[in-house]
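Okay, so here's the structure we're looking at.
Bear in mind that the values in this text are calculations on the coordinates, not laboratory data. All values reported here derive from a predicted model rather than from experimental measurement. Every residue, glycine among them, receives a Cβ derived from its backbone with ideal geometry; neighbour counts consider all protein chains shown.
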Amino acid sequence: MNYKLIIDKEAEEAFIAIVHAPSALTEQLENLIRSASGADCIMGYRDEEMRKLRFSEIECITIQDRKVVAVDKSGGFYRVHDRLRDLEEVLPSYFIRINKSSLANEHCIARFDTVFGGGVDAVFQCGFREYVSRRCFSEIRRRYEGI
């Protein structure tokens with residue numbers, strides 16, 4: 001592994017890592033860079049409350065009643081003003097798509113349950129359940145087989 005640090009006051013700051021595959025190290029680097037730049041959270045709204053939700057606190061981001069909602073580790077629901085596709089671009093790599101309208105923190109998925117009719121639900125540590133589409137489930141299975 002090669003390491004190179006270039007300090008140039010005139011250049012725009014950038015972090016580029018070339019790796020063969022994602023790993024625990026790449027995830028730690030991603031988290032470190034996001035937290036140092038202040039880009040490791042989103043704003044969540046509930047009733048009169050406005051709260052910073054750190055990415056590590058969020059278990060799932062889904063759409064309910066045509067609104068984007070983040071579910072935190074305590075099972076609380078927070079309205080998010082960003083679109084799901086915009087969030088997908090800024091969220092860390094451990095957020096995976098589980099269906100057309102949901103992103104999940106893969107570290108917070110407790111288990112996958114089969115449901116009537118052959119479907120699969122992701123059950124999160126807080127108890128929240130969300131449907132996993134067949135296409136996304138096959139991608140998740142491929143991802144876990146590489147471990």
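A few points about this structure:
- Proximity of backbone amide H atoms, modeled 1.01 Å from N, is registered between residue 125 and 110 at under 5 Å, excluding neighbours fewer than 5 places apart on the same chain.
- Taking label positions 7 Å along the Cα-Cβ direction at both residue 21 and residue 145, the computed distance is 1.3 nm, reported to one decimal.
- In the distance distribution for segment 24-145, Cα-Cα pairs more than 25 Å apart total 22 percent.
- For the chain, a Gaussian network of Cα nodes joined below 10 Å ranks 57, 130, 27 by mean-square fluctuation, and the top entry is 27.
- Cα-based helix-to-principal-axis angle, 134-145 vs the chain, degrees rounded to 10: 50 degrees
- Nonlocal amide H pairs with residue 102, under 5 Å, H built at 1.01 Å: none
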